[in-house]
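A.B. asks: First the structure, which I've put down as structure tokens, then a few questions once you've had a look.
The values are calculated or read from the model by the stated rules, or taken from the named source; none is laboratory data. What you see is a predicted model, and the numbers here were worked out from it, not measured in a lab. Here the Cβ positions follow ideal geometry from the backbone for every residue, glycine too, while neighbour counts run over all protein chains shown. Remember, those area values only see protein heavy atoms, side chains included, never the ligands or the DNA or RNA. Shrake-Rupley method; radii C 1.70, N 1.55, O 1.52, S 1.80 Å.
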Amino acid sequence: MHPQREPLHNELHARPSIYFSEPAHLYHYAFLADAEEHLRLLAKLGQTTGLAFDTALVQQISSIEHTVFKWERHTEFSTLTLMVPKRQESESWPAPPEWLNEVVESCCSTLINATQVGVEGRDTWLGSPEAYGFIDPAGSQVGGADATVWSDFHLDANGDNRFLLLNSGLNAFRLGRMVRRLLEIETYRMMASLSLPLAKELALELQAYELELGELSDRNAEQEDDNPRPLLTDLSRLSAKLERSGCRSRQRFSATDAYARIVFSRIEELREARVGDCPRLGTFILRRFRPTVHYCAAIHQRQERLAESTARLNDLLRTRAQVEIEEQNSSILRSLNERASSQLKIQKAVEGLSIIVISYYIFSLFKLGLESLGALGMAVQPHLAAAVLAPLGGLIIGFLAWRIWRVKRH
């Protein structure tokens, strides 16, 4: 059996919802948390509730005083969800239990989303969303008209966003899944929106970078600088700035795209239908959320295209520098060829002079030898001496010329 078969198969059952059927209140909190902060959150949760949590898991469901509690670990954030059955005499939006408030307060600096969902049945329904404090709410029939959801997307005094769900025909499984979709829409919408402040900041930076790139392009096109090195230095500095900007934002923009896709998918899964004159819930969210996603995507594309333009200009400038270097090398080679040709001519002249000098020296030796023989009384006729010594002198000179040629060849 493959060692990963069982874990991969059990992914079908990963991250189950909290299933319930009676009217209830659900409190959902999402915290930006890395691994260390997640462990700190679980430690505080265990200290407050007295329960033990397995840190090796990615989610865990527990029961606390007739309530159901669940925590989940995600890549960038952790979530806490508590389901409290509604009491007959309870108010429309009761405060969460004191122990949950204590946990949330301990991590309030990283709180990115707080949502409260009130689930009502036909027998507990107050008759209108306005009776629950909503002002101009958006609402939709969801789940094939088996439930209706409202929200005005205004934060209450505690900073919570509220949803009201009227259950008409959802069983416990479908009701838990529907509530989970609503909570995921809010959580992932907030996580996707984290890129918006960064995108606005980058928009100003990119504008300055575009102006700088335009100036460098003009300098390159007009070739104001005879030496391309200063222009190449400025362009390299701009490329370094863009790379730093990309490293700072690339992961955030990629996360925004992934989170936005989840939000769009969850809204489609609601299967909305209109309720009266209210705007549909998904339409209300997308009308304001989709421009945020598109703006972040546009800034990301603008950043990538600016980096590509800088790289192209860098290539053009390097090509120009390479051509100039090749011209300089060609000029140096021509100079070396001329110098070698001059040296070859000088060498040939020296070789000719060397042969003449050697020939003169050899014939001087022959002449001195003949004069010495005449002084000793052994006179040699001139024509006989010429007949013997001329071929010998020619052989000697030829041998010397052959040796010089051999040396030059090697």
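A.B. asks: Report whether or not GLU120 is farther than 28 Å from GLU72 by Cα and acidic (Asp, Glu).
C.D. replies: No.
A.B. asks: Filter the stretch 64-76 down to the residues that are modelled with pLDDT of 90 or more and either over 19 Å from ARG40 (Cβ atoms) or touching a Phe, Trp or Tyr at 6+ places or on another chain (Cβ under 6 Å) (or both), then identify the one that is surrounded by the most Cβ atoms within 10 Å (Cβ to Cβ).
C.D. replies: Here the residue is VAL68.
A.B. asks: Turning to a different aspect of this structure: Kindly indicate the residue of the stretch 115-130 that is open to solvent by 40 Å² or more (accessible area, probe 1.4 Å) and assigned to a loop (DSSP other than H, G, I, E, B) and also farthest from THR256 (Cα to Cα) among those meeting that condition.
C.D. replies: Looking at the filtered set, the residue picked out is ASP123.
A.B. asks: Any residue at all in the stretch 295-310 that's part of a helix (DSSP H, G or I) and under 30 Å from ALA145 (Cα atoms)?
C.D. replies: The answer is no, given that none of the residues of the stretch 295-310 is part of a helix (DSSP H, G or I) and under 30 Å from ALA145 (Cα atoms).
A.B. asks: Just wondering, is there one or more residues in the stretch 186-197 that are open to solvent by 30 Å² or more (accessible area, probe 1.4 Å), out of contact with any Gly (no Cβ under 6 Å at 6 or more places or on another chain), over 19 Å from SER151 (Cβ atoms) and in a helix (DSSP H, G or I)?
C.D. replies: Within the stretch 186-197, one or more residues are open to solvent by 30 Å² or more (accessible area, probe 1.4 Å), out of contact with any Gly (no Cβ under 6 Å at 6 or more places or on another chain), over 19 Å from SER151 (Cβ atoms) and in a helix (DSSP H, G or I).
A.B. asks: Further, regarding this structure: Within the set of pairs 6 or more residues apart or between chains, which connect a residue that is surrounded by 14 or more Cβ atoms within 10 Å (Cβ to Cβ) inside the stretch 294-310 to a residue that is part of a helix (DSSP H, G or I) and among the β-branched types (Val, Ile, Thr) with Cβ atoms less than 9 Å apart?
C.D. replies: Once the first residue is surrounded by 14 or more Cβ atoms within 10 Å (Cβ to Cβ) and sits in the stretch 294-310, its partners that are part of a helix (DSSP H, G or I) and among the β-branched types (Val, Ile, Thr) give CYS296/THR256; ALA297/THR256; HIS300/THR256.
A.B. asks: Checking ARG162 against (1) free of Cβ contacts under 8 Å to residues at least 24 places away in the same chain; (2) closer than 23 Å to ALA192 by Cβ, which test does it fail?
C.D. replies: (1)
A.B. asks: Still on this structure: Scan the stretch 279-293 and report the pairs whose first residue is part of a helix (DSSP H, G or I) and whose second residue is open to solvent by 30 Å² or more (accessible area, probe 1.4 Å) and hydroxyl-bearing (Ser, Thr, Tyr), with Cβ atoms within less than 7 Å and a gap of 6+ or a chain change.
C.D. replies: Here the result reads THR292/SER193, each pair linking the stretch 279-293 to a residue that is open to solvent by 30 Å² or more (accessible area, probe 1.4 Å) and hydroxyl-bearing (Ser, Thr, Tyr).
A.B. asks: Name the one entry in GLY176, GLY246 that is touching a Pro at 6+ places or on another chain (Cβ under 9 Å), touching a residue at least 60 places away in the same chain (Cβ under 8 Å) and either assigned to a strand (DSSP E or B) or within 25 Å of THR75 (Cβ to Cβ) (or both).
C.D. replies: Exactly one of GLY176, GLY246 is touching a Pro at 6+ places or on another chain (Cβ under 9 Å), touching a residue at least 60 places away in the same chain (Cβ under 8 Å) and either assigned to a strand (DSSP E or B) or within 25 Å of THR75 (Cβ to Cβ) (or both), namely GLY176.
A.B. asks: Give the stretch 8-52 a look and list any residue that's open to solvent by less than 40 Å² (accessible area, probe 1.4 Å), out of contact with any Leu (no Cβ under 8 Å at 6 or more places or on another chain), over 29 Å from ALA255 (Cα atoms) and outside any helix (DSSP H, G or I), or say none.
C.D. replies: Correct list: PRO23, ALA24, HIS25.
For (1) among the acidic types (Asp, Glu); (2) buried (at least 19 other Cβ atoms within 10 Å of the Cβ); (3) closer than 21 Å to TYR29 by Cβ, each residue gets a yes or a no:
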position: ASP136; (1), (2), (3): yes, no, no
position: VAL149; (1), (2), (3): no, yes, yes
position: ASN158; (1), (2), (3): no, no, yes
position: ASN171; (1), (2), (3): no, no, no
position: GLY176; (1), (2), (3): no, yes, yes
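A.B. asks: Additional query: Would it be correct to say that VAL179 is touching a helix residue (DSSP H, G or I) at 6+ places or on another chain (Cβ under 7 Å) and among the hydrophobic types (A, V, I, L, M, F, W, C)?
C.D. replies: Answer is no for this residue.
A.B. asks: For the stretch 273-288, enumerate the residues that are under 19 Å from ASN161 (Cβ atoms) and either modelled with pLDDT of 95 or more or open to solvent by 40 Å² or more (accessible area, probe 1.4 Å) (or both).
C.D. replies: PRO279, ARG280, THR283, PHE284, ARG287, ARG288, listed by residue number.
A.B. asks: Can you confirm whether LEU316 is open to solvent by 40 Å² or more (accessible area, probe 1.4 Å) and of a type outside the set (Gly, Ala, Ser)?
C.D. replies: For LEU316, the condition - open to solvent by 40 Å² or more (accessible area, probe 1.4 Å) and of a type outside the set (Gly, Ala, Ser) - is met.
A.B. asks: Hey, another quick one. Considering each of VAL149, VAL119 in turn, give the residue that is modelled with pLDDT of 90 or more, closer than 16 Å to VAL179 by Cβ, aliphatic (A, V, I, L, M) and in contact with a helix residue (DSSP H, G or I) (Cβ under 6 Å, 6 or more places away or on another chain).
C.D. replies: Result: VAL149 is the single residue among VAL149, VAL119 that is modelled with pLDDT of 90 or more, closer than 16 Å to VAL179 by Cβ, aliphatic (A, V, I, L, M) and in contact with a helix residue (DSSP H, G or I) (Cβ under 6 Å, 6 or more places away or on another chain).
A.B. asks: Do the conditions hold for ASP257, that is, is it open to solvent by 60 Å² or more (accessible area, probe 1.4 Å), at pLDDT below 90 and farther than 20 Å from GLY214 by Cα?
C.D. replies: Answer is no for this residue.
A.B. asks: Suppose we filter the stretch 214-243 for residues that are under 23 Å from ALA298 (Cα atoms) and either over 21 Å from the mean Cα position of the chain (by Cα) or free of Cβ contacts under 8 Å to residues at least 12 places away in the same chain (or both); how many remain?
C.D. replies: Of the residues in the stretch 214-243, 2 are under 23 Å from ALA298 (Cα atoms) and either over 21 Å from the mean Cα position of the chain (by Cα) or free of Cβ contacts under 8 Å to residues at least 12 places away in the same chain (or both).
A.B. asks: In the stretch 328-344, is there at least one residue being within 35 Å of the chain's Cα centre (by Cα) and surrounded by 10 or more Cβ atoms within 10 Å (Cβ to Cβ)?
C.D. replies: Within the stretch 328-344 (the criterion being within 35 Å of the chain's Cα centre (by Cα) and surrounded by 10 or more Cβ atoms within 10 Å (Cβ to Cβ)), the answer is no, since none of the residues qualifies.
A.B. asks: List, please: which pairs have Cβ atoms under 7 Å, are six or more places apart or on different chains, and start with a residue in the stretch 98-122 that is β-branched (Val, Ile, Thr) and end with one that is open to solvent by 30 Å² or more (accessible area, probe 1.4 Å) and part of a strand (DSSP E or B)?
C.D. replies: Every condition considered, the pairs that remain are VAL104/LEU111; THR110/LEU32; ILE112/LEU32.
A.B. asks: Of all residues in the stretch 79-114 being within 14 Å of TYR29 (Cβ to Cβ) and charged (D, E, K, R), which is surrounded by the most Cβ atoms within 10 Å (Cβ to Cβ)?
C.D. replies: The extreme case among them is GLU102.
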